[in-house]
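Quick note: the coordinates plus some simple rules give every number you see, no bench work behind them. Since the model is a prediction, treat every value here as computed from it, not as a measurement. Virtual Cβ from ideal backbone geometry, glycine too; neighbours counted across all protein chains shown.
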């Protein structure tokens, strides 16, 4: 039997019009179907490609906005971290000075790190550099906050210890004896008269003549008089090994043997002795050994009533 290679399509109108008959080969039908499927698939491909690009553009726009927000947050975090680090450094320095002055035990450097355990932060495959930096900044901030709590607890302990040592505190030099600026520091300095380097056993506080000079701690005046180089001067014995010296005074308001309290006016700044201008030469000695007076300027909250 001969195989048919085509079929007929009849179109019959509802009215009495002419019947339309068309022969269509199987090859033509096959090619037509293939072409139709190709067109449909191509259309779907371009549609999905268009939608994909639109989605990617929307995703990119969202990521850019998120990145801008993260960068802004990172900048704010870094500013806070920098400020906290500066404040923390100041707190640590003050604490070390307080502990040194009053002979309190030092804090182990490892304890200050207040380390914690646990797994490392999760890193996601699509995590940006900004996200990673933000994550690191948050870890650093968390560490600083823990260190702040540690320092607060440490200062609370110091305050408790100092409360038990009130008598020692009362007799320990703890305030700047006058207002002014430091014109010459402690240590090896250039002598203004010889131009040579030599030890300077105190600090020079430059200010106007007549500016009040205050006792930095309780004690008894052990010397009032004149010195060829230091001019009018006062020496106070504060007990527990501390003595202080005040030189180049214009006026003395205490007598030898008189007991003074911290904050009491003992004299006035002058320009006596070997001096290039009005200033107070101030020394702190512990068991006869000179110490840097700057180490003995404590915040008022540590001076117990």
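Summary table below
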{"read-out": "Where Rh is the Kirkwood radius over Cα pairs, Rg/Rh for region 50-92", "value": "1.44"}
{"read-out": "Calculated FRET efficiency for the pair residue 295/residue 83, C-beta based, R₀ 22 Å, to 0.05", "value": "0.30"}
{"read-out": "Ranking of 104, 82 by count of other Cβ atoms within 10 Å, fewest first", "value": "82, 104"}
{"read-out": "Relative exposure of 139, 175, 236, 188, judged by other C-beta atoms within 10 Å (fewest first)", "value": "188, 139, 175, 236"}
{"read-out": "For a label point 7 Å along the Cα-to-beta-carbon line of residue 99, residues of region 140-169 with backbone N under 17 Å", "value": "147-163"}
{"read-out": "Residue order, fewest to most beta carbons within 10 Å, for 186, 246", "value": "186, 246"}
{"read-out": "Distance in nm between pseudo-label sites at residue 155 and residue 55 (7 Å out along the Cβ direction from Cα)", "value": "5.6"}
{"read-out": "Alpha-carbon spread of region 175-302, three principal axes, descending order, Å", "value": "39, 26, 26"}
